[in-house]
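The values are calculated or read from the model by the stated rules, or taken from the named source; none is laboratory data. Bear in mind that the values here come from a model prediction, so they are computed numbers and not experimental data. All Cβ positions, even for glycine, are placed from backbone atoms using ideal geometry, and neighbour counts span all protein chains on display. Please note that ligands, DNA and RNA were not included when accessible areas were found on the heavy atoms of the full protein model with its side chains. Shrake-Rupley method; radii C 1.70, N 1.55, O 1.52, S 1.80 Å.
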Amino acid sequence: MAIPLPLTSYSPISPSVSRASFVPLTLVHRNFLNFSRRVLISCSSSLSSNNGSAPDSMNGNGSGLNGQSSFPGMPSFDGTSNPPLKWRRVLLKVSGEALAGDEEQNIDPKVTMSIAREVAAVTRLGIEVAIVVGGGNIFRGSTWAGCSGLDRSSADYIGMLATVMNAIFLQATMESIGIPTRVQTAFRMSEVAEPYIRRRAIRHLEKGRVVIFAAGTGNPFFTTDTAAALRCAEINAEVVLKATNVDGVFDDDPKRNPNARLLESLTYQEVTSKDLSVMDMTAITLCQENNIPVVVFNLSEPGNIAKAIKGERVGTLIGGTWNSIVATT
């Protein structure tokens, strides 16, 4: 009587082929599915902004219009390769005053659209972008403290609410051009945004979503600059990019001294010893302790956001060198 073989057993096709060289079909299928799932995830952010079609910079064979590969550091079909990106995860700090533009209104839609388009261009390269927004264009707590009996804590909480308004406006602008975006607030506002959860924020970034952090640190007496440094350290971002209304850090006030010189790089000690009004001392100290470089640049110059995110020379670099991503103390 013939005994049927177990399903996990295989008969060799030829005597020269051993049983050990055969792999169960279910394992092959499992590995193939895992591989295909990784490929789809890595490509989804490039396709989502164009309603499922290939982005403009890619042709039918997966290379750029100039024959280069659309994936940084990967060889293209003509044998060349794109230069590697300097940073893979960045935190962009946008001040409230910068969002106001020409200050004719609290928020300038042209400014938010410019930010959205430049962020979209770099997210398609695989760079993960988180954003911290200020609220000075609507309400600045330190300025209003003491008015009509308003204490500093209450004034700061009102300022935090102003940052949430800016974040929701920026989120709507980004999603209008196809950028998946999430807003996370430092205190719970579940009807309009997610609460800040570190692991969830990192997961959003890994999925190619832009995360906007609002409400500062959630505590009074701390600025949004400090919130930017804190969130950068928490999500393991590599740099803080501070977008302002000036070209960078100068050795003197350029409004009073037309001969003021733009400083291309500074150390943390130079910022603190010279009392340069770049960021508050708490934020600078936090960046120094965590070896986080800071780039200060002008938001109003077209293309500056994309240049800063891609690590190109723009504005002033604090705590590092342009040729290295490692911060110096």
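Going by what's in this entry, would residue 224 be described as in contact (Cβ under 8 Å) with a residue 12 or more places away in the chain and closer than 27 Å to residue 100 by Cβ? Against the criterion (in contact (Cβ under 8 Å) with a residue 12 or more places away in the chain and closer than 27 Å to residue 100 by Cβ), residue 224 qualifies. In segment 305-320, the residues that are on the phi > 0 side of the Ramachandran plot and in a loop (DSSP other than H, G, I, E, B) reach residues that are charged (D, E, K, R) and open to solvent by 10 Å² or more (accessible area, probe 1.4 Å) with C-beta atoms within less than 6 angstrom, at least six apart or across chains, in these pairs: 311/86. Within segment 179-207, the set of residues being modelled with pLDDT under 95 and either aromatic (Phe, Trp, Tyr) or in contact with a Ser or Thr (Cβ under 7 Å, 6 or more places away or on another chain) (or both) comprises 187 only.
Kindly establish whether residue 84 is modelled with pLDDT under 80 and under 26 Å from residue 234 (Cβ atoms). Give the derivation first.
Numbers: modelled with pLDDT under 80: yes; under 26 Å from residue 234 (Cβ atoms): yes.
Criteria met by residue 84.
Being polar (S, T, N, Q), more than 12 Å from residue 92 (Cα to Cα), modelled with pLDDT of 95 or more and over 11 Å from the mean Cα position of the chain (by Cα) narrows it down to one of 217, 223, so name that one.
Working: 223 fails: modelled with pLDDT of 95 or more.
One residue alone meets the criteria, 217.
From the residues in segment 260-293 that are hydroxyl-bearing (Ser, Thr, Tyr) and closer than 16 Å to residue 316 by Cα, which one is farthest from the chain's Cα centre (by Cα)? For segment 260-293, the residue satisfying everything is 272. Counting only helices (runs of 4 or more DSSP H) that fall entirely inside segment 133-218 and contain at least 1 residues that are under 17 Å from residue 231 (Cβ atoms) and open to solvent by less than 20 Å² (accessible area, probe 1.4 Å), the qualifying elements are 152-176, 198-206. The number of residues in segment 247-279 being of a type in the set (A, V, I, L, M, F, W, C) and touching an Asp or Glu at 6+ places or on another chain (Cβ under 7 Å) comes to 4.
Of all residues being touching a Leu at 6+ places or on another chain (Cβ under 7 Å) and open to solvent by 50 Å² or more (accessible area, probe 1.4 Å) in segment 246-255, which is modelled with the lowest pLDDT? Just the residue, please. Quick ask: steps written out before the conclusion?
Within segment 246-255, the first condition is being touching a Leu at 6+ places or on another chain (Cβ under 7 Å), and the residues that meet it are 247-251.
Remaining after also requiring open to solvent by 50 Å² or more (accessible area, probe 1.4 Å): 247, 251.
Working: 247: 89, 251: 81.
Among them, the one singled out is 251.
In segment 98-121, the residues that are at positive phi form Cβ pairs under 9 Å with partners that are open to solvent by 40 Å² or more (accessible area, probe 1.4 Å), at six or more places apart or across chains, as follows: 101/109; 101/110; 101/300; 103/97. When you scan segment 284-304, do you find a residue that is in a helix (DSSP H, G or I), in contact with a Ser or Thr (Cβ under 9 Å, 6 or more places away or on another chain), of a type in the set (A, V, I, L, M, F, W, C) and modelled with pLDDT of 90 or more, even just one? Yes, segment 284-304 contains at least one residue that is in a helix (DSSP H, G or I), in contact with a Ser or Thr (Cβ under 9 Å, 6 or more places away or on another chain), of a type in the set (A, V, I, L, M, F, W, C) and modelled with pLDDT of 90 or more. Just one of the numbered conditions (1) surrounded by fewer than 20 Cβ atoms within 10 Å (Cβ to Cβ); (2) assigned to a helix (DSSP H, G or I); (3) touching a residue at least 60 places away in the same chain (Cβ under 8 Å) is not true of residue 236: (2). Residue 229 fails exactly one of the following numbered conditions: (1) over 24 Å from residue 126 (Cβ atoms); (2) at pLDDT 95 or above; (3) surrounded by fewer than 15 Cβ atoms within 10 Å (Cβ to Cβ). What is the number of that condition? For residue 229, the exception is condition (3). Sub-7 Å Cβ pairs linking a first residue in segment 250-268 that is acidic (Asp, Glu) to a second residue that is open to solvent by less than 50 Å² (accessible area, probe 1.4 Å) and modelled with pLDDT under 90, at least 6 apart or interchain, are 251/260; 251/263; 252/260; 253/260, ordered by first then second residue. Figure legend. Inter-residue proximity from segment 137-152: first residues more than 26 Å from residue 102 (Cα to Cα), second residues in a helix (DSSP H, G or I) and open to solvent by 40 Å² or more (accessible area, probe 1.4 Å), beta-carbon distance below 8 Å, spacing 6+ or different chains. Indicated pairs: 146/152; 150/144; 152/142.
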